[in-house]
1. Would you pick out the residues in the stretch B:50-82 that are surrounded by fewer than 24 Cβ atoms within 10 Å (Cβ to Cβ), in contact with a strand residue (DSSP E or B) (Cβ under 8 Å, 6 or more places away or on another chain) and outside any helix (DSSP H, G or I)?
2. Can you tell me which residue in the stretch A:86-116 is surrounded by the most Cβ atoms within 10 Å (Cβ to Cβ), limited to those that are more than 8 Å from chain B (Cβ to nearest Cβ) and at pLDDT 85 or above?
3. Tell me, yes or no, whether the stretch A:206-229 has at least one residue that is surrounded by fewer than 21 Cβ atoms within 10 Å (Cβ to Cβ) and within 27 Å of B:Arg152 (Cα to Cα).
4. Select from the stretch A:334-350 the residues that are out of contact with any Asp or Glu (no Cβ under 8 Å at 6 or more places or on another chain) and modelled with pLDDT of 95 or more and list them in ascending order.
5. So for the stretch B:131-145 (the condition being exposed (fewer than 15 other Cβ atoms within 10 Å of the Cβ), hydroxyl-bearing (Ser, Thr, Tyr) and not assigned by the TED database to the domain that holds B:Val98), does at least one residue qualify?
6. Has the stretch B:384-391 got at least one residue that is in contact (Cβ under 8 Å) with a residue 24 or more places away in the chain and not in a loop (DSSP other than H, G, I, E, B)?
7. Please work out which residue is least open to solvent (accessible area, probe 1.4 Å), limiting yourself to the stretch B:365-379 and to residues that are assigned to a loop (DSSP other than H, G, I, E, B) and over 21 Å from A:Glu168 (Cα atoms).
8. Take A:Ser239 and tell me if it is free of Cβ contacts under 8 Å to residues at least 40 places away in the same chain, open to solvent by 60 Å² or more (accessible area, probe 1.4 Å), assigned by the TED database to the domain that holds A:Leu215 and small (Gly, Ala, Ser).
There are 2 protein chains.
Amino acid sequence: MLINCVRRVLPRRLSAIKTKPCTRRCCSSSSAESMDQVRTLLQLCVDRHYVSPGQTNVELFQRGMYCNYGPLGTELRRNLLDQWWHSVTRSRAQVFGVNTLSSSSDRAADGGGQLRMVESELLRQILDQQELSKEQLIQEVHRLLERSPSVRTNLLQGALEQFVPSMELVNRKLPFGLAEMGLCLQPSGGSGCPAEVTQTSLVWFCSTRTSSQWLDHWTRQRLKWWRKFALSPSDFSSSEVLEEELEEPASRGVRIIYNFPWGQEVLETLWSRGSSELLHTHKGVRSKLQSRDARKSVPHVVSVTGNMDRGVMAFLSSSLQQLKREDSKQRLQHRKVLKLHPVLAPVKVALDIGRGATVELRRVCEGLLQEFLEAKISAWPGYLNTVPTSMEQLNAKYDEMGVLFSMVISENTLESGLLQVRSRDTTIKETMHISEIRNFLSKYISAADI
Amino acid sequence: MLINCVRRVLPRRLSAIKTKPCTRRCCSSSSAESMDQVRTLLQLCVDRHYVSPGQTNVELFQRGMYCNYGPLGTELRRNLLDQWWHSVTRSRAQVFGVNTLSSSSDRAADGGGQLRMVESELLRQILDQQELSKEQLIQEVHRLLERSPSVRTNLLQGALEQFVPSMELVNRKLPFGLAEMGLCLQPSGGSGCPAEVTQTSLVWFCSTRTSSQWLDHWTRQRLKWWRKFALSPSDFSSSEVLEEELEEPASRGVRIIYNFPWGQEVLETLWSRGSSELLHTHKGVRSKLQSRDARKSVPHVVSVTGNMDRGVMAFLSSSLQQLKREDSKQRLQHRKVLKLHPVLAPVKVALDIGRGATVELRRVCEGLLQEFLEAKISAWPGYLNTVPTSMEQLNAKYDEMGVLFSMVISENTLESGLLQVRSRDTTIKETMHISEIRNFLSKYISAADI
């Protein structure tokens, strides 16, 4: 069983990951290979500062949960969220960004108040009251629970609440949408240990008549977006939710799925949800909800909900290429390259120093670094690392980090202004003048962002 | 008393805002005027979609807490956080961004586990167990509380935990820093209603010898940053924390303060914290914490912690100008302009249509809007609003929204390609060719971002 494979290879509790229904071939050599792949990927993510070390943390990461990210993971997640935000809020004039409360005392509707933020001191005070009978104690604890804010498990409820003030923005005309991203809690299902997830949400309000078309529209848009950044786009796919799997009150659903080495996982879900939740949120007051043109009917809601922690994991998994090649001494080398899309790559360029007068070379590096940072090109200060490293080791490291270009400033640069720029994807080194590099990088990155 | 003024003018519970120690002049006419100012500002923020309506929500906003933001507030907050991120992570090569868990079962140290995320179903199950004695019940509730994750009240603890893996990045050399931003809970102080706040945090690790200099360095940097976006920079100031106000284990502290109409409030706090918390987080294992060059001493921590919800409020307050002028019919008009800094302004340009063939004009608008969005210039689709509005009303609305430029596409534009671009700050209308506008705006915004 795949579940067992996972258990054997991966640390404790990882069996909780949802995997595809097991097929007979899953314990074959191809599965062992894919488990190797997972191990390599996770190790690389820790070694190259995408994810912080620690078993629990790596488990969270693999389960598609929010975790402690290292500097590279933080930047990758930021880039991904930025791309999502721009693609959704800028795709149409009628999409507006909002920020809604992540905990609320009023909001019992959201997830039925499953998770409550309790001040432990207040609870302890109740438990310490010797004079209370058992019944009084129970009553007091219930009361504290009721008035403790409930924590959101999704972003839908916030958007439904913002529907009324937002209608003014569009002159009470449909369709329009509200976009938001943020952390949401996922109930543990009994273990008492809820985890967090970075959710993206577009809630689209439209007429009932057009809702199915809009679901199709957003499915196409979203799938296109995921595939835009993928090394092998076909690993991202969409699939209609079967009728028997539909959850109330949805009438249709589509899942966007990524093929991980251990099986398929859902990255994003689109639901055509009808009007009932919107009506319920606004206590059934239809008059508040009616649009100008929809003849007294209440808008239909299409929700598009993504898990961007799993998105980060998917793009890391999709980007890792393992190549075998011989090195200069004809030893077989395993080259690992993280071929992240140029707009997602957390580090665009790394700067190192070669042989020569260290103080002067460092000064050139610092100048260049500043120039890159001002142009919003994220740069890696490799020159700060003073431990001697061979060029091969350095290249291997930057390939694993997914650094697009690396360059070495040497004595020669001081004399001629020329330096060698190595590309991650081609491994070819090109000689450039120091004054051209910023423009070259800017153009390279923006050309990839179309 | 100022407190009473606040009570009278502002909605319930606003008296909770921290105000400056009351001086005798606070109930004078100047104070009444400043309360008027506050009321005007809050009303404008709601009317112009910076903050969602609702008394509780506006109260949160004014108290400098995270709240439901409308589309304009969401974009302003985003811009501000982006600016903070770039200014901190790009100011020096040795600052790295991280993302750390916002709730954790392991982390008791952070705020002593004051706030716990409790699954209400599990608590209810315990309370429903008839067979438990009172003592057993108390024990079970305690146990549930202990294993419920504690929620962070600040970002410091996460950064201290990330110190060890991060040291590798800099080859175990000091100084370096870890930057993070995110929501943090603020305990309620007894009411049972904790609120959230958008915190920014830079935790800077340096040698003991240099810590005071670094505190000064970061104070200068941060004050410069706040003032960069202010209409009247002198309203932002820094002040050294008095010795008797120092909190354990800090040896020095500096506050960055904004002068709100109702008094001073702290935007950001810098502490020189010593090494004790870092040591405590790593269970006293000095060998893990020693840097390469600091001769066995444990690094010193300087923390820089900002409240960006209050930052949003400060810049809105700082930007609101109220001007009196006569309109075309010589009636006295109160013009309100939100002169937000060009890089912070949530909407850079608004597009409307004048007289002429609506369908064609709309098409031109849609084309222009798309062009702006692709150039990452946030644009407002005013043309979607089909309710007839006078130019005066339209300009007044955009001034209150803080829109940098507005333009009207008319019949004339279709013929000559020319249109009039009105500036928020000068109110002057300039005629431009439609093909020049994007470049003009890009240059205007980037010129302001220096």
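1. Across the stretch B:50-82, the qualifying residues are B:Arg63, B:Met65.
2. A:Val88
3. no
4. Result: A:Leu340, A:His341, A:Leu344, A:Ala345, A:Lys348, A:Val349, A:Ala350.
5. yes
6. no
7. B:Ile377
8. No; evaluated as a whole, the condition is false for this residue.
The values are calculated or read from the model by the stated rules, or taken from the named source; none is laboratory data. Here the structure is a predicted model, which is why all the values come from computation and not from measurement. Cβ sites come from the backbone with ideal geometry, for glycine too, and all protein chains shown count toward neighbours. To get the accessible areas, we keep the full protein, side chains included, count just its heavy atoms, and leave off ligands, DNA and RNA. Shrake-Rupley method; radii C 1.70, N 1.55, O 1.52, S 1.80 Å.
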